[in-house]
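Take a look at the structure set out below.
The values are calculated or read from the model by the stated rules, or taken from the named source; none is laboratory data. Fair warning: this is a prediction, and the values are worked out from it, not measured in the lab. We place every Cβ from the backbone using ideal geometry, glycine too, and count neighbours over all the protein chains shown.
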Amino acid sequence: MRRLPPPRAIGLLACLAGTAALPAGAPRAQEASPVAVPEVDVTGNAERALDPLRGFVARQQITGTKTDTPLIENPQSISVVPRDQIDARQAQTLGEALRYSAGVRVENYGTDSRTDWFQLRGFNAQDVGIFLNGLRYNAGYAGNVYETYGLERYEILRGPTSVLYGQIAPGGLVNQVSRRPTDTPQGEVRLTAGSYGRTQAQGTTSGPLTADGTWSYSLTALGRASQTPVDGMRDDRVFVAPALTWRPDPNTSLTVLGYYQHDETSGNQFLPYDGTVRPTPYGRIGRNRFTGEPDFDRYDRTQYGLGYEFSHRFNNVFSFQQNLRYAHTGIDWQQVYGNGLDTDRRTLKRIGYAADIDVNTFHVDNQLRADFNTGPVSHTVLAGFDYSQVAYRNNQSFANAAGLDVLSPSYGAALPTLSPFNFTRQNTTQYGLYLQDQIRIDRLILIAGLRQDYARADTLNRLDGSNSYQNDDAFTWRAGALYLFDNGLAPYLSYARSFQPQIGTDLRGNTYDPLRGEQYEAGIKFQPVGLRSFVQASAFHLTQRNSLTPDPASTFNNIATGQIRVRGLELEAVAELGAGITLTGSYTYLDPEITRSTVADELGNRPVGVPRNTAGLYAEYTFVTAPKPLSGLTLGLGTRYLGNTTTANANYNVVPSTVLFDATVRYDLAALSERMQGLTLAVNASNLADTRYVSRCTSDTACFYGNRLNVLGSVAYRW
């Protein structure tokens, strides 16, 4: 199988270095729009959500309102993980970046480089809950992964969010904000090596292209060749993301954003509960065990996208923004995967699988904004129309394959001819109209929004030539209130609804009703005056209706009458305490329950894979006042608790809880010499004790080992 040669990465970084060396002229100072409406800023900051941020603590967000709004002024739980947090822990994936965030259960399938598996408030969110720059990124079954190094920040919006984003799972979404052009020249080149033969070269550069700052650019690239903890599995990647901004005047801006990414890896290992969580008479299956066929298994994915963000302010009241992106994903997937142990308790039954997937997506979001006052009341009104289209082709084949002795494997078994199982062409279209008003009366903040959605799916079964059509529409709304006290406390209340179409039909040809989400939330946010910190606590009651449940009248049919209720409590804090101390911590308690089901044994139980407790604390200390050479040293330590989960909704086994440790050592070489300004050495280790644990089981025949000890060392130069 073809490997991605490291010279490609070196060539990309050479291009970056050449771009950084171009004379761009003096950087332009940030110009204030002559028609900008003055705003009251009770938090005393001038940060903007899309600007590069230095430090662990963000003050602004854009995901929760689609307007640049302080985090403390949004009556809904929302968190920001900025670039400096990502770099401090050398996070390589979304899961690694969000490990210490509340309400999020990440890395549910352990070592899996195909997609980012995660839950928000107990609900799976990877299929429809990943966005890129405010537009939907993932396309359901065809899981995409956007390179973390290409991002400026992650924004986590918890709870139903359909009013602004259409079809969504009730737990919320994660918005990935990509790097973009800057007003001042800056950049980085980083070389990384680590566990499992990882070698990685990456770099980013941005700044003005013209002396007056009318044109500015950004270019980010990465090349990687790596193995994984599973024998024979690769994790190779090439990534390039250019961006260009044109500002012809202070009121108009156009930013063009593109990306290309190619991955070569393999599918995850499906292991049985017996042999992983519970030992067999022969012991446990090794964490490095590959259960496929080396000459057959592969997961090659190519994805690219091109879009833009356009904004224009007409006058003191009205402004317009349009975000648009076209994207393509192609996946060539072959895998032999496990299907439970045979009667001898050591032979893994296996299935051969192949999928040829092709996805083309188009998304556009149009927003008209009005800022005005009615007496003592200020309004920010946002009226929007968004449209999306997804053309999806999936050709799948299956066949039973020869078993594998997982304790003493012998590969090279002949594979039978795979039989077509599912060959579909599906076009889905969604468009929605939404209206939102952010109201401010002195220190009282109110928010109200409503939306009407229309969704259509046209599915052609190419195996039998049949067509099926599905039309859904939904009205959703939300409301919230928050009060800003002088001491930095901000209590709030909110209510929100969501919807998510369920594609497919029952045995009678009837389409399923959409999933409906409803949430009541109360919380308090705290941003102490004079301290760079942000603390929030929230309690919520979240319900999802119309979950699929077995049809009592037919063993092979499902009906949309199920209901899941999740009550929860979330605590999260991030703080730069001064004297070189930074803290990031969270605790999540969930009380999930199946409240409606046609299966009596499921009622009152937890849904599969949902933990009750999750917690994490990460701290760093920098020797800022120590004499040289200690003054350049930073030490970090983190601990994570992952609560136990279940393998099924009824008659389940338990996947035990675990505690993991992470560590960081970072050294700024400028402490040794001024000539080394900008050079940094870093070593990061996750799962420091190499603790053996199972991250999740979706059934007794599909369990997944958690991530092993992973050590990354890097040298970086920033300017």
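In the range 611-624, what count of residues is obtained for those that are buried (at least 22 other Cβ atoms within 10 Å of the Cβ) and under 21 Å from ARG696 (Cα atoms)?
3
Would you confirm, using the coordinates I've provided, whether GLN227 is buried (at least 18 other Cβ atoms within 10 Å of the Cβ) and either in contact with a helix residue (DSSP H, G or I) (Cβ under 7 Å, 6 or more places away or on another chain) or touching a residue at least 40 places away in the same chain (Cβ under 8 Å) (or both)?
Answer is no for this residue.
Can you spot a residue in the range 561-579 that is loosely packed, with under 15 Cβ neighbours inside 10 Å, assigned to a strand (DSSP E or B) and not hydroxyl-bearing (Ser, Thr, Tyr)? Full working, then the answer.
Within the range 561-579, the subset loosely packed, with under 15 Cβ neighbours inside 10 Å is 577-579.
If we keep only those that are assigned to a strand (DSSP E or B) too, we end up with 577-578.
Restricting the remaining residues to those that are not hydroxyl-bearing (Ser, Thr, Tyr) gives 577-578.
Checked against the condition, which is being loosely packed, with under 15 Cβ neighbours inside 10 Å, assigned to a strand (DSSP E or B) and not hydroxyl-bearing (Ser, Thr, Tyr), the range 561-579 yields at least one hit.
Would you please name the residue that is surrounded by the fewest Cβ atoms within 10 Å (Cβ to Cβ), looking only at residues in the range 269-278 that are part of a loop (DSSP other than H, G, I, E, B) and at pLDDT 95 or above?
Per the criteria, the residue is VAL277.
Name the pairs whose Cβ atoms lie under 6 Å apart, with the first residue in the range 406-433 and in contact (Cβ under 8 Å) with a residue 40 or more places away in the chain and buried (at least 16 other Cβ atoms within 10 Å of the Cβ), the second outside any strand (DSSP E or B) and among the aliphatic types (A, V, I, L, M), and 6 or more positions between them or separate chains?
What qualifies is VAL406/ILE285; PHE423/LEU463.
On the given criteria, is TRP215 surrounded by fewer than 21 Cβ atoms within 10 Å (Cβ to Cβ) and aromatic (Phe, Trp, Tyr)?
Considered against the rule, which asks whether it is surrounded by fewer than 21 Cβ atoms within 10 Å (Cβ to Cβ) and aromatic (Phe, Trp, Tyr), TRP215 comes out as yes.
May I ask you to verify whether ILE439 is buried (at least 20 other Cβ atoms within 10 Å of the Cβ) and of a type in the set (A, V, I, L, M)?
In short, no.
Filter the strands (runs of 3 or more DSSP E) completely within the range 38-123 down to those with at least 2 residues that are in contact with a helix residue (DSSP H, G or I) (Cβ under 8 Å, 6 or more places away or on another chain) and either modelled with pLDDT under 85 or within 28 Å of GLY194 (Cα to Cα) (or both). Explain how you work it out, then say what you get.
Details: elements: 78-82, 104-106, 118-120.
Strands (runs of 3 or more DSSP E) meeting the threshold: 78-82.
Within the range 244-268, which residues are assigned to a loop (DSSP other than H, G, I, E, B) and touching an Asp or Glu at 6+ places or on another chain (Cβ under 9 Å)?
Within the range 244-268, PRO250, SER266, GLY267, ASN268 qualify.
I'd like the residue in the range 285-324 that is among the polar types (S, T, N, Q) and in a strand (DSSP E or B) and, out of all such residues, is nearest to SER253 (Cα to Cα).
At the first step, the residues of the range 285-324 found to be among the polar types (S, T, N, Q) are 288, 291, 302-303, 311, 315-316, 319, 321-323.
Of the ones still in play, those that are also in a strand (DSSP E or B) are 302-303, 311, 319, 321-323.
On the way: THR302: 30, GLN303: 27, SER311: 5, SER319: 12, GLN321: 9, GLN322: 11, ASN323: 12 Å.
The selected residue is SER311.
So which residues in the range 600-624 are more than 17 Å from GLU572 (Cβ to Cβ) and either in contact with a His (Cβ under 6 Å, 6 or more places away or on another chain) or not charged (D, E, K, R) (or both), if there are any at all?
ALA600, LEU603, GLY604, ASN605, PRO607, VAL608, GLY609, VAL610, TYR621, THR622, PHE623, VAL624
Do we find a residue being touching a Ser or Thr at 6+ places or on another chain (Cβ under 8 Å), assigned to a loop (DSSP other than H, G, I, E, B) and of a type in the set (Asp, Glu) anywhere in the range 210-217?
Within the range 210-217, not a single residue is touching a Ser or Thr at 6+ places or on another chain (Cβ under 8 Å), assigned to a loop (DSSP other than H, G, I, E, B) and of a type in the set (Asp, Glu).
Go through the range 651-678 and report how many residues are over 30 Å from CYS703 (Cβ atoms) and outside any strand (DSSP E or B).
Residues that pass the stated criteria total 10.
Residue-by-condition table, conditions (1) out of contact with any Pro (no Cβ under 9 Å at 6 or more places or on another chain); (2) within 15 Å of SER162 (Cβ to Cβ):
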site	(1), (2)
ARG425	yes, no
TYR431	yes, yes
GLN436	yes, yes
ILE441	no, no
ALA448	yes, yes
GLN452	yes, yes
ASP458	yes, no
GLY465	yes, no
ASP472	no, yes
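Test of understanding: among PRO242, PRO250, which residue is closer than 21 Å to GLU147 by Cα and surrounded by fewer than 22 Cβ atoms within 10 Å (Cβ to Cβ)?
The unique qualifying residue is PRO242.
Anything in the range 597-642 that is part of a strand (DSSP E or B) and touching a helix residue (DSSP H, G or I) at 6+ places or on another chain (Cβ under 9 Å)? List them, or say none.
Scanning the range 597-642 gives TYR618, GLU620, THR622, LEU633, THR634, GLY636.
Can you run down the residue pairs with Cβ atoms below 6 Å, 6 or more apart or on separate chains, where the first is in the range 453-479 and acidic (Asp, Glu) and the partner is assigned to a strand (DSSP E or B)?
From residues that are acidic (Asp, Glu), the pairs are ASP453/GLY432; ASP453/ALA474; ASP458/ASN427; ASP458/TYR469; ASP472/ALA455; ASP473/TYR454.
Within the range 554-563, is even one residue within 15 Å of ILE78 (Cβ to Cβ) and either among the β-branched types (Val, Ile, Thr) or without any contact (Cβ under 8 Å) to a residue 40 or more places away in the chain (or both)?
Taking every residue of the range 554-563 in turn, none turns out to be within 15 Å of ILE78 (Cβ to Cβ) and either among the β-branched types (Val, Ile, Thr) or without any contact (Cβ under 8 Å) to a residue 40 or more places away in the chain (or both).
Residues of the range 688-711 being outside any loop (DSSP other than H, G, I, E, B) and in contact with a Lys or Arg (Cβ under 7 Å, 6 or more places away or on another chain), which ones?
PHE704, TYR705
For residues in the range 484-531 being among the charged types (D, E, K, R) and under 16 Å from GLY159 (Cα atoms), which is surrounded by the most Cβ atoms within 10 Å (Cβ to Cβ)?
Just the residues of the range 484-531 that are among the charged types (D, E, K, R), to begin with: 486, 497, 506, 508, 513, 516, 518, 521, 525.
Next, from what is left, pick out any that are under 16 Å from GLY159 (Cα atoms): 497, 516, 518, 521.
Values: ARG497: 21, ARG516: 21, GLU518: 18, GLU521: 23.
Among those that are among the charged types (D, E, K, R) and under 16 Å from GLY159 (Cα atoms), it is GLU521.
So, in the range 124-174, how many residues would count as being of a type in the set (Asp, Glu) and in a loop (DSSP other than H, G, I, E, B)?
Selection size over the range 124-174: 2.
Please work out if ASN546 is touching a Leu at 6+ places or on another chain (Cβ under 6 Å), surrounded by fewer than 16 Cβ atoms within 10 Å (Cβ to Cβ) and not hydrophobic (A, V, I, L, M, F, W, C).
In short, no.
Taking the options ASN653, ASN649, name whichever one is surrounded by 19 or more Cβ atoms within 10 Å (Cβ to Cβ), over 25 Å from the mean Cα position of the chain (by Cα) and more than 22 Å from GLY267 (Cβ to Cβ).
ASN649
All but one of (1) modelled with pLDDT under 95; (2) more than 17 Å from LEU271 (Cβ to Cβ) hold for THR680; which doesn't?
(1)
Consider ALA648 carefully, then state whether it is under 24 Å from VAL711 (Cα atoms) and either assigned to a loop (DSSP other than H, G, I, E, B) or out of contact with any Phe, Trp or Tyr (no Cβ under 7 Å at 6 or more places or on another chain) (or both).
So ALA648 fails the test.
Could we say that ALA455 is in contact with a Lys or Arg (Cβ under 8 Å, 6 or more places away or on another chain), buried (at least 20 other Cβ atoms within 10 Å of the Cβ), in a strand (DSSP E or B) and not charged (D, E, K, R) here?
Here the answer is no, as ALA455 does not meet what is asked.
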